[in-house]
Amino acid sequence: MFDHISRRALIRSAAMGLAAGTITAPSAAPAPLDADLIVCGAGMAGLTAALTAARRGLTVVILEKRLWTGGDGVLSTGHFATFRTPLHKDLPQNLPISAEDYWKLIERGVIDEPLSKVRDNQMNSPVYYGVAKHNPDVLRSCAMRAADVIAFVRSMGAEFFPVNPALPFLLSSRPGSMTKIATALVARLREAGVKLMNRTRATALIVEDGAVKGVRYVDNKGAEGALRAQAVLLATGGFINSPALMQRYKRYWSTAKRGFSFEGDLPADHTGDGILMGKAAGAALEDMESVPKFWAGPAKGTPAVSWLMLDGATAYLVRKNGRRFINEKAARYSGCALRLFALGSEPGYVLFDEATFRGHYHDELEFEKALAQGGLFKARTAEELAAKAGVDARGLKATIARINADAAKRRDSEFGRTDKLFRALKAPYIFRLRTTRSPSRPRAGSK
Ligand SMILES: Cc1cc2nc3c(=O)[nH]c(=O)nc-3n(C[C@H](O)[C@H](O)[C@H](O)COP(=O)(O)OP(=O)(O)OC[C@H]3O[C@@H](n4cnc5c(N)ncnc54)[C@H](O)[C@@H]3O)c2cc1C
């Protein structure tokens, strides 16, 4: 997958990307270089870029401010968007899941991976204009590599759950896979002689003669230093923990109330360091306004049940009044979260039944564990379920009755769902209590 990148092109593109830096006095004699390339940030982006460069013969140093390596990747839920891969072997051969089918869906904005990394193409997003901003050839070439990415992460030890036929373009990796990938990447980097400096925070780009020449850093003991290289690659993740950047570039989301933040173990150090370093050196900022995605967890301390359910299983989203409020399938998780945000601080609740409970996501989303630990409720009647979960019983009863009547007519009279997952619910009903909503994705960057 890396064959198209030559050593010279890599150096040139990285250097050109930041060439418009602050101009300082020309240096008399060129200082010796510590490496060909310095990578700031040892998340999945930094690690794979470093490995690409090392395999092309460059000497590479990676700076990572945390003690650990792998960035948000190792905290993520590990879902990969792709088209037909060897993992799809048990699905019918005539299923429309080729690379072209995948691209068509992306173009329609139905699937947003992997292009959400470079553009905002979500129909429910307040900044949908992003779809027209980028070169479709570049985006297409990125999308067409999705199956290579699966092969690559499998070669790094990732393992996957069986493909959900209802969601064949999204593969779920098994728990621990993301850590395996990061561990394997670090091992390969070490084999390739790449130096990884943990607990070392990059603080500024060194700019001379209008070009980036290296990086200043500070280590965990407060000692400052500098490294010089032909090129510097900034892969320091997002800026959700920077109030100033959030207010400037994601004004809408920065108004989110307390309780709209991540309930989990995500470190609060997503301060957009690379973005600020690039900006200080004169780089243009690109895509800063794209909408953050949302990830949801149940009440703290209970196992997570993913928004994925709304995409790949029969499940409905209701409010505390027991009523649905959106076309769950079309809105997808970010659209659902956006609507919840607009409705105020009230949480959402996922409603499903025994068939979904026993279905594709039973193991993957650990339903039994969630039920045992109070992340889910189960009841034979809507009234009983409402009492357990603390939602309005009349509203919930009416919602189930309406879904079931509509499903019999194959017409969602409330929100117009036409997908195959829109079906009647049968008791026992299951309820997932308290869907917290949180912007999770570090996105955007310097150009
Ligand atoms: C809970 C959760 C679930 C997710 N689920 C999915 C999913 O299912 N599928 C999917 O595709 N994506 C998912 N994502 C998003 C995905 O994990 C991220 O988009 C991706 O990991 C970002 O990688 P990155 O390398 O660009 O940035 P990061 O992972 O943020 O890595 C940046 C690294 O740079 C380091 N750094 C920052 N500043 C400095 C500095 N000044 N000096 C040195 N080092 C620095 C950081 O410590 C970090 O290690 C999820 C994210 C979260 C939080």
Descending packing, highest mean Cβ count within 10 Å first, for 164-172, 29-37 is 164-172, 29-37
So, with points 7 Å from each Cα along the Cβ direction, the LYS221-LEU343 label distance in nm works out to 5.5 nm
For the stretch 45-109 and the stretch 168-191, compute the distance between their C-alpha centroids and round to whole Å.
10 Å
Residues whose built amide H sits under 5 Å from the amide H of GLY43, excluding neighbours closer than 5 in sequence, are GLY70
Using a basic spin-label model with each label point 7 Å from the Cα along Cα→Cβ, how many nm lie between ALA280 and ALA244?
1.0 nm
What spacing in nm lies between the two simple spin-label points modelled at ARG55 and LEU75, each 7 Å away from Cα in the Cβ direction?
2.8 nm
Listed peptides 387-393, 173-179 by packing density, highest first (mean Cβ within 10 Å):
173-179, 387-393
With r as the distance between the Cβ atoms of ASN198 and LEU95 and R0 = 41 Å, compute the FRET efficiency 1/(1 + (r/R0)^6) and round to 0.05.
0.40
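Only the coordinates and a few stated rules stand behind these numbers; no lab work does. Since the model is a prediction, treat every value here as computed from it, not as a measurement. A quick note on method: Cβ atoms are made from the backbone with ideal geometry, for glycine too, and the neighbour counts reach across all protein chains shown.
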